[in-house]
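For reference, the structure discussed in these notes is given below.
The values are calculated or read from the model by the stated rules, or taken from the named source; none is laboratory data. All of these numbers come straight from a predicted model, not from anything done at the bench. Quick reminder, even Gly has a Cβ in these numbers, built from the backbone with ideal geometry, and neighbours come from all protein chains shown.
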Amino acid sequence: MRPLPWLPVLLLLALAAYLLPERWTAPGAVETASPPAVQQTLPNSLPENTRELFTRSRRAVVRVESLNARTGEGGIGTGFFISEDGQVLTAYHVVGSGQLFQIRTLSGQTLPARVTAYDAQADVALLQVRGRGPFPVLKLATRPPRVGETVLAIGNSGGDFLQPRRGRLLRLGAEAGRADFPQGTLEMDAPLAPGDSGGPIIDGNGQAIGVVSYIRLDGSGQTRASYAVPVTEGNELIAALRRGEQRDVPVVGLIFDMRHSGFTDPPGGVVDRIARGSPAARAGLRGATFDRNGNLTGLGDVIVRVNGQRTRDANEVISAIRRAKVGDTITLGYVRDGQEREARIELVGMRTLPDLN
């Protein structure tokens, strides 16, 4: 992998997680988890029609580099031009925690960019590149995708630069099984990995039918399936981005312990940590406690109700909160030391809490 101008790469991935951009931290950082092996698809090994499609489409795809000025961490994802004047479509989680952005094109240009619109719940964002156009454009789909069709991804995983990943479309409207992931996605068997986030899924007509979002791994750490947010020219999601709308996710500042969630008595969403400066912190909610060696000594508060609705695990808590809007006030029922309590908390946007990005 070519060294980046900012900092060395740190790869992070979970068994069922956002297809995180490749990340780097300060020198000396320890790699905490191994990424899935990238199954390389060399352009010359592609069927002739797919190779032509790759060559034609690749000019409009870019590498997206993001830097968090507060933490010094950065990451690499993928995006693609959807307008000649420099609008780049990518995944929200590629840019959600950053403040400084630049893109690298196939022609070798490095251009600054800024986030102009996003839908955090749908995991899509729009960047505006500052540079002289016109830029090559990848058109968005004008027809619904079809199960079984061959699709092409172009991305930056495994140290590659804008390389192809080929697969088949397996399913439409896939549900993530986690409330904090986008729902109704395209499921594919394309072997994607960190760094491909935000890249296009291209159909046989050369149109983008999706934006790469997350993956699932098997027990050996190989990509079992990959998922993309469907996009169609003129649909409400794309229209809202082009209008410059910024749709944040409502949160209270809870970071959940997924290992114990749903296994307490009574079952509920177990709080691991509280985001600094968050509404949950001001309301006095508590996370887990640890001894000086980092061993768990006590679970955090267990959220068992949201606005009176029973919540049996963290997923149900997140789902209930996301049915409200930023600025709404909700009531959380929680258990601490065997006693049930309540807190009224005003929801804020996720982007306002650095600990959640």
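This table checks each residue for (1) buried (at least 24 other Cβ atoms within 10 Å of the Cβ); (2) closer than 21 Å to ARG247 by Cα.
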residue: ARG56; (1), (2): no, no
residue: VAL62; (1), (2): yes, no
residue: ALA69; (1), (2): no, no
residue: GLU73; (1), (2): no, no
residue: ILE76; (1), (2): yes, no
residue: ALA91; (1), (2): yes, yes
residue: SER97; (1), (2): no, yes
Considering GLY195, GLY184, GLY204, which residue is surrounded by fewer than 22 Cβ atoms within 10 Å (Cβ to Cβ) and on the phi > 0 side of the Ramachandran plot?
GLY184
As an exercise: evaluate GLY294 against (1) farther than 13 Å from VAL335 by Cβ; (2) within 28 Å of the chain's Cα centre (by Cα); (3) free of Cβ contacts under 8 Å to residues at least 40 places away in the same chain and give the number of the one condition it does not meet.
(2)
Determine whether LEU170 is modelled with pLDDT of 95 or more, out of contact with any Leu (no Cβ under 7 Å at 6 or more places or on another chain) and either surrounded by fewer than 20 Cβ atoms within 10 Å (Cβ to Cβ) or of a type in the set (Ser, Thr, Tyr) (or both).
yes
Which condition from (1) free of Cβ contacts under 8 Å to residues at least 40 places away in the same chain; (2) in the same structural domain as ARG344 (by TED's automatic domain parsing); (3) in a strand (DSSP E or B) is the one that ARG168 breaks?
(2)
Of those in region 55-91 that are among the small types (Gly, Ala, Ser) and in contact with a helix residue (DSSP H, G or I) (Cβ under 9 Å, 6 or more places away or on another chain), the residue farthest from ASP355 (Cα to Cα) is SER83
Step by step: first the residues of region 207-240, then only those that are under 15 Å from PRO182 (Cα atoms) and of a type outside the set (A, V, I, L, M), then the one that is modelled with the lowest pLDDT. Which residue is that?
ARG216
When region 161-194 is checked residue by residue, the ones that are within 25 Å of VAL64 (Cβ to Cβ), in contact with an Asp or Glu (Cβ under 9 Å, 6 or more places away or on another chain) and charged (D, E, K, R) are ARG165
Select from region 129-164 the residues that are within 19 Å of the chain's Cα centre (by Cα) and not in a loop (DSSP other than H, G, I, E, B) and write down the one among them that is modelled with the lowest pLDDT.
GLY158
